[in-house]
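Rule-based calculations on the coordinates, nothing more; no lab input. These numbers were taken from a predicted model, which means no experiment stands behind them. All Cβ positions, glycine included, derive from the backbone under ideal geometry; neighbour counts span all protein chains shown.
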Amino acid sequence: AKQHKSTLEARQSSSINPWTGRSYSARYQSILQTRLKLPVYQFQSKLLEHVASNQVVVVEGETGSGKTTQIPQFLVEVGYASPGKSCVACTQPRRVAATSIAARVAEEMDVTLGGTVGYTIRFEDVSSDETVLKFLTDGMLLREAMNDPLLSRYSVIVLDEAHERTLATDVLMGLLMEILPKREKGSKYGELKVVVMSATLDAEKFQEYFNGAPLLKVPGRTFPVEVFYTAEPERNYVEAAVRTAIQIHKCEGPGDILVFLTGEQEIEQACEEIRLGAQDMGKDSPELVVYPLYSSLPPAQQRKIFTPAPGPKVVGGPPGRKVVVSTNIAETSLTIDGIVYVIDPGFSKQKVYNPRIRVESLLVSPISRASARQRSGRAGRTRPGKCFRLYTEQSFYNDLQETTYPEILRSKMSNVVLTLKKLGIDDLVHFDFMDPPAPETLMRALEVLNYLGALDDEGDLTDLGRQMAELPLDPQLSKMLICSPDYNCSEEIVSIVAAMSVPQIFLRPRESAKAADEAKAQFVDATSDHITLLNAYAAYEDVPSEERKQWCWDNFINDRSISSAESVKKQLKGIMTRLDIPLMTCRGKSGYDTNSIRMALTSAMYMQVAHLQRTGSYLTVKDNQIVYLHPSSVIDGKPQWVIFEEFALTSKNYIRTVTTTRGEWLVEMAPHYFDLDNFPECEAKDDLVLEYKKLARRMGK
Ligand code: ADP
Ligand code: MG
């Protein structure tokens, strides 16, 4: 440890950047001054000593104390990583956090992003052999483990935001429990160190899980935050949040505002309304700037949240103010300095999974008390602050859960099970999950993978399953892609899969809904939302690149989304080449052979199928849920059978992204699934009976 300290001091007092061999820039020096003030600095040598003498260390500290940006740097500075040999990884549950923190740390270290410091998120790798510090999503590290089971490239793995208990972090922890004994001191790849970082108080749980690893607390300072509740429940929390923000701007002293909302649409709407409200206050009031923050925002705009608030309009006048309207990402992942007021409507988008109907959806749901406390804490980082909870005090105590359930208890597990199988972990029942998922959920996952042909009846990975695991997609989509050459349309399916892997490409602004619908009409194939998506994507590919921006604008297409779809497609094609999946097109002179495309879709999605009822609604097959076609669907009329991509549980149960299919395809492609002996009595069954008879006739029986 002593040696660590001296190298560290030597490096810090040198004016030459050891990573670049150049002198540090002025910017480096000025950022260094702010960094040195972070609480985590007083804790540096203690931390390094503990890491030196333990394989696992748990670190707990107030959000904003410098854990994420500084601790990984401490580790590389004292020599845990060296270019081309070994690397320090820091995992993040969210893509935005991984990219934004990597950019910040590259700046702090005065190196180029993608060189010494890099990041990897799904479909985007900005790192190289030279990278010694890599930020990556927890899901990506899990994928890397598939091809590098001992994570041999890494000397230290920092599991950040462990308190979030995302599915991938939980699985990683279980995996690390298996890897750690294989990478003790003296092992072939050297000792692996793990630093688990958490923002909240139940860090003991991690300590226990990792066999009593030492728990270190970053001494943090926070200021008191006064909490206000509403007297009555708010009917419209977006409106209430906007109103509160304007009110603060009018009546409260200087300090920036952080508003928590749940998604892009809400956030953009609130930003607009806050801006309008500030304009109404007249030219003499202090300036108010508003920034949105959500995952699909381009990086350059994400970074704007760190711009300091504007100064006074006139010398000696009141300073301006900054409002950041953000998703949950600002709860613990990113810290914005200067926040004094927090507005918390009490909701976030959360994953929910119903194993009975095998559907996972994102639902706006009440947050937990632990989350509410984290949110209010964001107001007291630099001085005393205020938090406005847009719900009643009674609701806080009676309606909110104490903590959020770990995601593993709310997720469908088919992807994880496939990954674990690929990692060689066969005994899922004895895998060391911190919170084991419900047996029913695991059973469902095994069943789905068996139906898809990824696992055989013994539960072993098949060749198809091995290929599926190579694709960074949901198992159904992987299977669709792998089987698409059988239907002569892998070129089309890869476009569809790419277009489905990015945020919605069709825009429909409220004020120009009609024009947007007309634009979309050019691409419509009335039998399929998937093919409609394909038509739009293919039209985009045919536009010369310098005209694409305009084309997107004219056609109400989200140009960021569609251009990332293009890059996703490129990467998927790369993997397809590696896996020997041939690229074939069903596009002829008169357009696509849409039957082939619909068959390819059906071949993988037959478990998400609904049948038209006499009543005019749809009933999902086997699990018998009443559902309706989502209003955004382009499907014409009411076809007998439809397959669907997702459930949108709102006031009504909608199915979204829908394609018409045929009973005859279902019984031909998946007789093991549409097995009449195990079928509930329903109209769908009557139809299937007929289909089987027709099939038997065709086969000449
Ligand atoms: P923790 O992980 O303990 O919550 P962080 O390391 O994320 O803390 O943050 C430490 C400090 O770095 C905070 O004051 C934060 O505002 C600052 N910071 C992080 N990213 C940026 C950025 N892109 N621009 C300016 N400041 C940043
Ligand atoms: Mg952090």
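Length available on full extension from ASP677 to ALA231: 0.36 nm per residue minus the Cα-Cα distance, which gives 154.8 nm. Once the chain from SER53 to GLU518 is taken as fully extended at 0.36 nm per residue, the excess over their C-alpha distance is 160.8 nm. Please work out the Cα convex hull volume for region 370-492 and give it in Å³ per residue. Taking only Cα atoms, region 370-492 has a hull volume of 199 Å³ per residue.
For region 357-425, with equal point scatterers placed on the C-alpha atoms only and solvent neglected, what are the log10 I(q)/I(0) values from the Debye formula at q = 0.13, 0.14, 0.23 1/Å, to two decimals? The Cα Debye sum returns log10 ratios of -0.60, -0.65, -1.05. Working note: Karplus 6.51/-1.76/1.60 with θ = phi - 60° gives region 534-544 the couplings 4, 4, 5, 5, 5, 4, 4, 4, 7, 7, x Hz, where Gly and Pro are set to x. Amide H contacts of CYS90: LYS134, PHE135, LEU136, VAL158, each under 5 Å away and 5 or more positions distant or on a separate chain (H built 1.01 Å from N in the peptide plane; Pro and chain starts excluded).
The order of the peptides 322-330, 219-227 by mean Cβ neighbours within 10 Å, most packed first, is 322-330, 219-227.
Report note on the peptides 661-670, 631-640, 146-155: ranked by the mean count of other C-beta atoms within 10 Å, highest first, their order is 661-670, 146-155, 631-640. Counting only residues at least eight positions apart within a chain, or on another chain, the aspartates and glutamates with an alpha carbon under 19 Å from that of LYS182 are GLU144, ASP148, GLU191, ASP426, ASP427, ASP432.
Once you have a ≥ b ≥ c as the square roots of the Cα gyration tensor eigenvalues for region 61-196, tell me rounded if a/c is under 1.5, and otherwise prolate or oblate according to whether a/b is larger than b/c. Rounded, since a/c falls under 1.5. The 3J(HN,Hα) values that the Karplus relation (6.51, -1.76, 1.60; θ = phi - 60°) gives for region 573-583 are, in residue order, 5, x, 5, 4, 4, 4, 8, 6, 8, x, 8 Hz. Gly and Pro appear as x.
Database remark: amide H of VAL194 closer than 5 angstrom to the amide H of VAL56, VAL57, ILE157 (H placed geometrically; neighbours at sequence offset of 5 or more, or on other chains; Pro and chain starts carry no H).
Computed from backbone phi, the HN-Hα couplings of region 218-230 come to 6, x, x, 10, 9, 10, x, 10, 7, 10, 10, 10, 7 Hz, rounded to whole numbers (Karplus: 6.51 cos²θ - 1.76 cosθ + 1.60, θ = phi - 60°; Gly and Pro given as x).
Using only alpha-carbon positions in region 609-657, the gyration tensor eigenvalues give semi-axes of 14, 13, 10 Å once each is multiplied by 5 and square-rooted (largest first). For the chain, the 222 nm mean residue ellipticity estimated from helices alone, with every DSSP H stretch of n ≥ 4 adding -39500 (n - 2.57) and the total spread over all residues, rounds to -12000 deg cm²/dmol. Using a 4.7 Å Cβ-Cβ cutoff, the cysteines of the chain lacking any partner cysteine are CYS87, CYS90, CYS251, CYS271, CYS387, CYS483, CYS552, CYS682. Of the Cα atoms belonging to region 572-701, the radius of gyration and Dmax stand at 16.5, 49 Å. Sorting the segments 228-238, 90-100, 446-456 by their residues' average number of neighbouring beta-carbon atoms within 10 angstrom, most packed first, yields 90-100, 446-456, 228-238. Send over the semi-axes of region 230-366's equivalent ellipsoid, whole angstrom and largest first, taken as the square roots of 5 times the C-alpha gyration tensor eigenvalues. Each semi-axis is the square root of five times an eigenvalue, giving 30, 17, 12 Å. Annotation: amide H of VAL290 within the under-5 Å range of VAL323, sequence separation 5 or more or interchain, hydrogens built in the peptide plane. Kindly list the residues of region 410-432 that lie in the label zone of TYR189, defined by a backbone N under 14 Å from the point 7 Å along the Cα-to-C-beta vector. Hits in region 410-432 for TYR189 at 14 Å: 423-424. Evaluated at q = 0.07, 0.10 Å⁻¹, a Debye calculation over the C-alpha positions of the chain (equal weights, vacuum) places log10 I(q)/I(0) at -0.53, -1.09. Taking a ≥ b ≥ c as the square roots of the eigenvalues of the Cα gyration tensor, an a/c ratio of 1.5 or more together with a/b no larger than b/c marks region 507-646 as oblate.
Orientation-averaged projection of region 624-701 equals 6.1 nm² [convex hull of Cα atoms, one quarter of hull surface area].
Under 22 Å of direct C-alpha separation, and excluding same-chain neighbours fewer than eight residues apart, LYS386 reaches these lysines: LYS250, LYS322.
Starting from the Cα of LYS549, draw a straight line to each of the lysines and keep only those under 25 Å, dropping any in the same chain fewer than 8 residues away. Cα-Cα hits under 25 Å: LYS304, LYS514, LYS520, LYS569, LYS570, LYS573. Calculated on the alpha-carbon coordinates, the convex hull of region 303-460 measures out at 165 cubic angstrom per residue.
Available extension along the chain between GLU208 and SER545 is 115.8 nm, counting 0.36 nm per residue and deducting the alpha carbon span.
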